[in-house]
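A.B. asks: Here it is, the structure, as structure tokens.
The values are calculated or read from the model by the stated rules, or taken from the named source; none is laboratory data. These numbers were taken from a predicted model, which means no experiment stands behind them. All Cβ positions, even for glycine, are placed from backbone atoms using ideal geometry, and neighbour counts span all protein chains on display.
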Ligand code: BES
Ligand code: ZN
């Protein structure tokens, strides 16, 4: 579209403005910045031509809504995205400040990439929809209704979204949800995400003696909670990296050998993978490939562990307490509450009498598999084929987007996960970035999705008309 070509530089400038605001949902100190970002998103939606734009309060961070309703009888696409970002820590590992976006060339992004927290996850990705929408409106090329719902709590588990969806069912009514918050295999191998893992996130506290002790006076005679916690965590996986929590695998979907073989046909370069991460070797559950380990298999990982003295120099201390944050990625048909409970029961049982254990629950999210036999999936497939010149490969991914299962439950609507990021774009890590190629490719592809969706739905409507 010529309009996109003519306005490329402005689209990028607008995104850079948004990336300058630290909308860190996890940290209450940034509440005002999160709100400021919500208002900027609302302004952008209005400027791009959306109606009924609102910054809607929730018990947490607000949700930005906007719409363009062209006709009651037309299909409605709901675009979901999130304007909140992960905390940028560790700050000293950023090559440029996380909220001062810069464009730099990389080996994978020879045309340049935007380096900033949220560049790919998800400001850069949801913004492609706002700009594609603007381009379609300006070209009189929008053939269906569009609703935008851009939330501010995705990175902290979308806790208030369930209530919001229930309370606004009519407003959010739609035929399909379109989300760009996932990855493609590479810039030369497009893919559409057909599954996401769920998540159960817990925090544990192990308490030993009633105060920090001199490690010479008491060491050897009193249980050290940090040592105990390490032993307990180590025992959660066996030598084959199989999780040892009783019942953990009970509900795991068994995938046929044929389906697994099909999945493993997707291009994957182990050497490149290891080089990118600077690791000597990979590690994971015995009997599964890297692709399977990061998509169709559940996992357990310590996200943070602390206790005792971690300041400068050495302090001889036997700490009173130790803590860890542990996440479990889940696959169909595991349930996040059930797994959190299995974890808590097992972890409490594991503890020796010398310590006390407390397990608390953080957020959760359910795993999903999205259908590939719908007109909307077909529309995404054709759209990517058109702009990449290659058919996209269906691919399950390892990350989580809690809203997808929630939308299915509350609204009864399925999602299409048409993301444009790369796994190597350092999401949640220092130096997060998003390729300019990916940003513009997304803006170019999205209008085709709308075009094909509208076309398929008019076919369906006209064929059903014939039978009436
Ligand atoms: N965009 C990610 C999810 C993602 C990343 C899906 C890569 C597929 C490929 C999203 O913003 C995210 O990080 N979600 C959290 C959800 C959690 C806080 C409930 C996640 O996966 O850790
Ligand atoms: Zn994220």
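A.B. asks: Filter segment 93-107 down to residues that are touching a residue at least 24 places away in the same chain (Cβ under 8 Å) and in a strand (DSSP E or B) and give me whichever is farthest from residue 34 (Cα to Cα).
C.D. replies: 104
A.B. asks: Let me ask you something else. Looking at (1) more than 18 Å from residue 422 (Cβ to Cβ); (2) assigned to a loop (DSSP other than H, G, I, E, B); (3) in contact with a helix residue (DSSP H, G or I) (Cβ under 7 Å, 6 or more places away or on another chain), which is the only condition residue 111 fails?
C.D. replies: For residue 111, the exception is condition (1).
A.B. asks: Which residue is surrounded by the fewest Cβ atoms within 10 Å (Cβ to Cβ), if the candidates are limited to segment 231-243 and must be in contact (Cβ under 8 Å) with a residue 12 or more places away in the chain and out of contact with any helix residue (DSSP H, G or I) (no Cβ under 7 Å at 6 or more places or on another chain)?
C.D. replies: At the first step, the residues of segment 231-243 found to be in contact (Cβ under 8 Å) with a residue 12 or more places away in the chain are 232-233, 235-237, 240-243.
If we keep only those that are out of contact with any helix residue (DSSP H, G or I) (no Cβ under 7 Å at 6 or more places or on another chain) too, we end up with 233, 236-237, 240-243.
Numbers: 233: 19, 236: 18, 237: 16, 240: 9, 241: 16, 242: 13, 243: 20.
Checked segment 231-243; the qualifying residue surrounded by the fewest Cβ atoms within 10 Å (Cβ to Cβ) is 240.
A.B. asks: Here's something else I'd like to know. Say we look at segment 244-260 and pick out the residues that are part of a helix (DSSP H, G or I) and under 26 Å from the mean Cα position of the chain (by Cα); which of these is surrounded by the fewest Cβ atoms within 10 Å (Cβ to Cβ)? Before you say what the answer is, go through the steps one by one.
C.D. replies: Start the filter on segment 244-260 by keeping residues that are part of a helix (DSSP H, G or I), which leaves 257-260.
Checking which are under 26 Å from the mean Cα position of the chain (by Cα) leaves us with 259-260.
Values: 259: 11, 260: 14.
Applying the filter and picking the extreme gives 259.
A.B. asks: Looking at segment 347-368 only, could you name the residues that are buried (at least 16 other Cβ atoms within 10 Å of the Cβ), modelled with pLDDT of 95 or more, more than 30 Å from residue 216 (Cβ to Cβ) and in contact with a helix residue (DSSP H, G or I) (Cβ under 6 Å, 6 or more places away or on another chain)?
C.D. replies: 359, 366, 368
A.B. asks: Let me ask something else about it. Considering each of 370, 374, 387 in turn, give the residue that is over 20 Å from residue 160 (Cα atoms) and out of contact with any strand residue (DSSP E or B) (no Cβ under 9 Å at 6 or more places or on another chain). Before the answer, list the steps.
C.D. replies: Details: 370 fails: out of contact with any strand residue (DSSP E or B) (no Cβ under 9 Å at 6 or more places or on another chain); 374 fails: out of contact with any strand residue (DSSP E or B) (no Cβ under 9 Å at 6 or more places or on another chain).
The match here is 387.
A.B. asks: From the list 311, 364, which one is free of Cβ contacts under 8 Å to residues at least 24 places away in the same chain and either within 16 Å of ligand 2 (Cβ to nearest atom) or outside any strand (DSSP E or B) (or both)? Steps first, please.
C.D. replies: Working: 364 fails: free of Cβ contacts under 8 Å to residues at least 24 places away in the same chain.
That would be 311, the only listed residue that is free of Cβ contacts under 8 Å to residues at least 24 places away in the same chain and either within 16 Å of ligand 2 (Cβ to nearest atom) or outside any strand (DSSP E or B) (or both).
A.B. asks: Next question. Tally up the residues in segment 155-178 that are touching a helix residue (DSSP H, G or I) at 6+ places or on another chain (Cβ under 7 Å) and within 16 Å of ligand 2 (Cβ to nearest atom), please.
C.D. replies: 2
A.B. asks: Can I ask one more? Given the options 457, 400, 453, name the one that is at pLDDT below 95, surrounded by 17 or more Cβ atoms within 10 Å (Cβ to Cβ) and either under 15 Å from residue 113 (Cα atoms) or touching a strand residue (DSSP E or B) at 6+ places or on another chain (Cβ under 9 Å) (or both).
C.D. replies: On the way: 457 fails: either under 15 Å from residue 113 (Cα atoms) or touching a strand residue (DSSP E or B) at 6+ places or on another chain (Cβ under 9 Å) (or both); 400 fails: at pLDDT below 95.
Exactly one residue qualifies, and that residue is 453.
A.B. asks: Would segment 163-178 turn up any residue that is closer than 15 Å to residue 126 by Cβ, under 15 Å from the mean Cα position of the chain (by Cα) and either within 16 Å of ligand 1 (Cβ to nearest atom) or buried (at least 24 other Cβ atoms within 10 Å of the Cβ) (or both)?
C.D. replies: Quick first cut of segment 163-178, residues closer than 15 Å to residue 126 by Cβ only: 177-178.
From what is left, the residues that are under 15 Å from the mean Cα position of the chain (by Cα) are 178.
Next, from what is left, pick out any that are either within 16 Å of ligand 1 (Cβ to nearest atom) or buried (at least 24 other Cβ atoms within 10 Å of the Cβ) (or both): 178.
Yes, segment 163-178 contains a residue that is closer than 15 Å to residue 126 by Cβ, under 15 Å from the mean Cα position of the chain (by Cα) and either within 16 Å of ligand 1 (Cβ to nearest atom) or buried (at least 24 other Cβ atoms within 10 Å of the Cβ) (or both).
A.B. asks: Which numbered condition in (1) out of contact with any helix residue (DSSP H, G or I) (no Cβ under 9 Å at 6 or more places or on another chain); (2) over 22 Å from residue 171 (Cβ atoms); (3) surrounded by 21 or more Cβ atoms within 10 Å (Cβ to Cβ) is the only one that residue 38 fails?
C.D. replies: (2)
A.B. asks: Considering (1) exposed (fewer than 12 other Cβ atoms within 10 Å of the Cβ); (2) at pLDDT 95 or above; (3) not in a helix (DSSP H, G or I), say which one residue 282 fails and leave the rest.
C.D. replies: The single condition residue 282 does not satisfy is (1).
A.B. asks: Another one. Quick check on residue 344: is it crowded, with 21+ Cβ neighbours inside 10 Å, outside any strand (DSSP E or B), modelled with pLDDT of 95 or more and touching a strand residue (DSSP E or B) at 6+ places or on another chain (Cβ under 9 Å)?
C.D. replies: Numbers: crowded, with 21+ Cβ neighbours inside 10 Å: no; outside any strand (DSSP E or B): yes; modelled with pLDDT of 95 or more: yes; touching a strand residue (DSSP E or B) at 6+ places or on another chain (Cβ under 9 Å): yes.
Taking the combined requirement at face value, the residue does not satisfy it.
A.B. asks: Assess whether residue 64 counts as being under 22 Å from residue 447 (Cβ atoms), in a strand (DSSP E or B), more than 16 Å from ligand 1 (Cβ to nearest atom) and in contact with a helix residue (DSSP H, G or I) (Cβ under 6 Å, 6 or more places away or on another chain).
C.D. replies: yes
A.B. asks: Related question: Residues that are touching a helix residue (DSSP H, G or I) at 6+ places or on another chain (Cβ under 7 Å) and within 13 Å of ligand 2 (Cβ to nearest atom): list the strands (runs of 3 or more DSSP E) wholly contained in segment 383-437 that include at least 1 such residues.
C.D. replies: Details: elements: 393-396, 415-417, 433-435.
Fully inside segment 383-437 and qualifying: 433-435.
A.B. asks: So, one more: Which ones in segment 41-61 are assigned to a helix (DSSP H, G or I) and crowded, with 18+ Cβ neighbours inside 10 Å? Steps first, please.
C.D. replies: Residues of segment 41-61 that are assigned to a helix (DSSP H, G or I), as a first pass: 41-48.
Correct list: 41, 42, 44, 45, 48.
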